[in-house]
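Peer 1: Can you keep this structure in mind? I'll have questions shortly.
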């Protein structure tokens, strides 16, 4: 019976409901045994995750996804994952969201309530033209609100930075459109946090390629008096071939790069020489950028700089002062 149960859970992405357990012919004492030996983890009433699936979840988003899926499954078809829980189901990144809180929206009904770590929201309008409300995974059969609603909901409950990180990723991956979000913002009325969601849509940038870049852009955007900020600025040679792309060009001669360190990681099993080659190529790239067009200044920001805006902002200001000392271009 346990093999049948595990197979059923794997078919659903690693999650089980009480109905699945009963369908496998197991009794209450069998469930207790499975929990005690780690075969399954009880994440909420009537909601279970395979122990192996949870152990293999490498990120907060993946662990939240499993727990959220199990909770949705425990309700049958009465709810769908929403807000940042829907982000996790859609494979979008978290930033500064309470990943120990889970959000679901009713498929019908207007009431909202909280049950411990579960926030149960009223249903979304079902008659909104061509707008998609719910998306059921063909693989797991588990339902979440649309990507646009997930991003809007995240902004409404988790704030601007969390919303922008999600919106940037969704737009960059072409999982939603700005027009779709705008239409939903018009359709949703009298819901707290809509002003923040509108602000997030104004700030969102589909060219942004990572959480670190989203946060860097927000930091630059919040600095008063800064020259225009261009994301993903291309550098081209005389033949018109692109040879580099900078995360941000501030004004005309300051390059700001977010350095998440992943660019220096070689494939697993690479030797020291290969790693050194990656670092060397990145150094040559930066040297060439510094020499481009009569000279550029490059400022690199890392996670610790973004976590301490009091350190990052002076670095950018110092870069602008260095730009003033560069030779004038014709």
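Residue-by-condition table, conditions (1) farther than 26 Å from residue 5 by Cβ; (2) modelled with pLDDT of 95 or more; (3) in the same structural domain as residue 157 (by TED's automatic domain parsing):
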residue: 27; (1), (2), (3): no, no, no
residue: 39; (1), (2), (3): no, no, no
residue: 67; (1), (2), (3): no, yes, yes
residue: 77; (1), (2), (3): no, no, yes
residue: 91; (1), (2), (3): yes, yes, yes
residue: 101; (1), (2), (3): yes, yes, yes
residue: 104; (1), (2), (3): no, yes, yes
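Peer 1: Under 6 Å between Cβ atoms, which residue pairs at least 6 apart in sequence (or on different chains) link something in segment 107-122 that is at positive phi with a partner that is surrounded by 13 or more Cβ atoms within 10 Å (Cβ to Cβ)?
Peer 2: 109/123
Peer 1: When only residues in segment 279-325 that are out of contact with any strand residue (DSSP E or B) (no Cβ under 7 Å at 6 or more places or on another chain) and outside any helix (DSSP H, G or I) count, which is farthest from residue 258 (Cα to Cα)?
Peer 2: Here the residue is 325.
Peer 1: A follow-up question, please. Could you count how many residues in segment 1-55 are in a loop (DSSP other than H, G, I, E, B) and surrounded by 14 or more Cβ atoms within 10 Å (Cβ to Cβ)?
Peer 2: Residues of segment 1-55 in a loop (DSSP other than H, G, I, E, B): 1, 12-14, 24-27, 37-39, 45-46.
Subset that is surrounded by 14 or more Cβ atoms within 10 Å (Cβ to Cβ): 12-14, 24, 26, 39, 46.
The total comes to 7.
Peer 1: Determine, yes or no, whether residue 84 is closer than 21 Å to residue 45 by Cβ, touching a helix residue (DSSP H, G or I) at 6+ places or on another chain (Cβ under 8 Å), touching a residue at least 24 places away in the same chain (Cβ under 8 Å) and not in a loop (DSSP other than H, G, I, E, B).
Peer 2: Working: closer than 21 Å to residue 45 by Cβ: no; touching a helix residue (DSSP H, G or I) at 6+ places or on another chain (Cβ under 8 Å): yes; touching a residue at least 24 places away in the same chain (Cβ under 8 Å): yes; not in a loop (DSSP other than H, G, I, E, B): yes.
No.
Peer 1: Follow-up question, since we're still on this one. Restricted to segment 174-196, and to residues that are touching a residue at least 40 places away in the same chain (Cβ under 8 Å) and in a loop (DSSP other than H, G, I, E, B), which residue is nearest to residue 133 (Cα to Cα)?
Peer 2: So the residue we want is 188.
Peer 1: Which one of these is touching a residue at least 12 places away in the same chain (Cβ under 8 Å), farther than 27 Å from residue 107 by Cα and out of contact with any strand residue (DSSP E or B) (no Cβ under 8 Å at 6 or more places or on another chain): 59, 52, 39?
Peer 2: Values: 59 fails: touching a residue at least 12 places away in the same chain (Cβ under 8 Å); 39 fails: out of contact with any strand residue (DSSP E or B) (no Cβ under 8 Å at 6 or more places or on another chain).
Step by step, each of 59, 52, 39 is checked, and only 52 is touching a residue at least 12 places away in the same chain (Cβ under 8 Å), farther than 27 Å from residue 107 by Cα and out of contact with any strand residue (DSSP E or B) (no Cβ under 8 Å at 6 or more places or on another chain).
Peer 1: Next up: Suppose we keep only residues that are touching a helix residue (DSSP H, G or I) at 6+ places or on another chain (Cβ under 8 Å) and modelled with pLDDT under 95 within segment 106-131. Which one would you say is surrounded by the fewest Cβ atoms within 10 Å (Cβ to Cβ)?
Peer 2: Restricting attention to segment 106-131, the residues satisfying the condition of being touching a helix residue (DSSP H, G or I) at 6+ places or on another chain (Cβ under 8 Å) are 118-119, 121, 124-125, 128-129, 131.
Then keep just the ones that are modelled with pLDDT under 95; that gives 124-125, 128-129, 131.
Values: 124: 23, 125: 11, 128: 14, 129: 6, 131: 17.
Here the residue is 129.
The values are calculated or read from the model by the stated rules, or taken from the named source; none is laboratory data. Given the structure is predicted, the values throughout are model-derived calculations rather than measurements. Cβ sites come from the backbone with ideal geometry, for glycine too, and all protein chains shown count toward neighbours.
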